[in-house]
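The next block holds one structure in the form of C-alpha cells; read it before the comments.
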Amino acid sequence: MSKPYTVTRSISIDAPAQRVHELVNDFHAWRSWSPWEGLDPDMRRTYSGPDAGVGAGYAWEGNRKAGKGSMTVTADTPSQVDVDLHFDKPFAADNVIEIALAPSGAGGTDVQWRMHGELSGAMRLFSVVKSMDSLVGGDFERGLARLKSVAEAGSPA
C-alpha cells in the first residue's frame, strides 16, 4: 500500500518568465541554483537528449547525501516545466516535479515548485516520523531562493 504526497513551495522573482524558464528547462542550468548541487563536490553527472526542453535528461551519482537518480523533462511550455524524477539511492522512488511560472506585476514571475509522489515500503514507514514536506520543503525553499538570485542577476546559466 502506498501513501500519496505533494510538496509545494513558491517565490516571486523580479525577472521575466522567459529568463526563469531558461534556468528551469535546461538541466545544465540547474547547477547554478539546485539546492542539491553542493552535496558532493565529486558528483558524477551525465546529460542526454536535447540540451533543454522535452526529452532533456540528467543523471547523477554521488556520495550518500547526493544519492543516485535521473530526471527527464516530460512537458515544457512557457508557463510550466514537468520533470519525471527517479531515485535509485538512497531509496528507490518515482516522483513528478512541476515548476509553474506565472507573470506577476512589473515584469516579474511567480514560481511554484511542486513534487508529487507516493511513499511505499521503507519510505512509507519513515513518513510516520517525518513528512516529505519536512524532508524536502527546506530544500525547495533554498533552491527557489538561489533561482531568484541567479534569475535576478541576469547572469548566464
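The values are calculated or read from the model by the stated rules, or taken from the named source; none is laboratory data. Here the structure is a predicted model, which is why all the values come from computation and not from measurement. Methodologically, a virtual Cβ is constructed for each residue, glycine included, from the backbone with ideal geometry; neighbour enumeration extends over all protein chains shown. Please note that ligands, DNA and RNA were not included when accessible areas were found on the heavy atoms of the full protein model with its side chains. Shrake-Rupley method; radii C 1.70, N 1.55, O 1.52, S 1.80 Å.
Summary of values
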| read-out | value |
| --- | --- |
| Tally of residues being open to solvent by 70 Å² or more (accessible area, probe 1.4 Å) and part of a strand (DSSP E or B) across the stretch 75-111 | 5 |
| Residues of the stretch 1-11 satisfying the condition of being part of a strand (DSSP E or B), in contact with a Gly (Cβ under 9 Å, 6 or more places away or on another chain) and either open to solvent by 40 Å² or more (accessible area, probe 1.4 Å) or among the polar types (S, T, N, Q) (or both) | 4, 6, 8, 9 |
| Flag if residue 64 is touching a strand residue (DSSP E or B) at 6+ places or on another chain (Cβ under 9 Å), buried (at least 18 other Cβ atoms within 10 Å of the Cβ) and not polar (S, T, N, Q) | no |
| First in the stretch 134-149 and within 15 Å of residue 114 (Cβ to Cβ), second anywhere and of a type in the set (D, E, K, R), Cβ under 6 Å, 6 or more apart | 140/9; 141/9; 144/9 |
| Near pairs, Cβ below 6 angstrom, 6+ apart or cross-chain, from the stretch 40-54 (without any contact (Cβ under 8 Å) to a residue 60 or more places away in the chain and hydrophobic (A, V, I, L, M, F, W, C)) to any residue that is open to solvent by 70 Å² or more (accessible area, probe 1.4 Å) and assigned to a loop (DSSP other than H, G, I, E, B) | none |
| Of residues in the stretch 12-38 being open to solvent by 60 Å² or more (accessible area, probe 1.4 Å) and in contact (Cβ under 8 Å) with a residue 60 or more places away in the chain, the one nearest to residue 91 (Cα to Cα) | 36 |
| Meets criteria (more than 26 Å from residue 131 (Cβ to Cβ), in a strand (DSSP E or B) and open to solvent by 10 Å² or more (accessible area, probe 1.4 Å)) for residue 58 | yes |
| Flag for residue 41 being more than 15 Å from the chain's Cα centre (by Cα) and either more than 15 Å from residue 151 (Cβ to Cβ) or open to solvent by less than 70 Å² (accessible area, probe 1.4 Å) (or both) | yes |
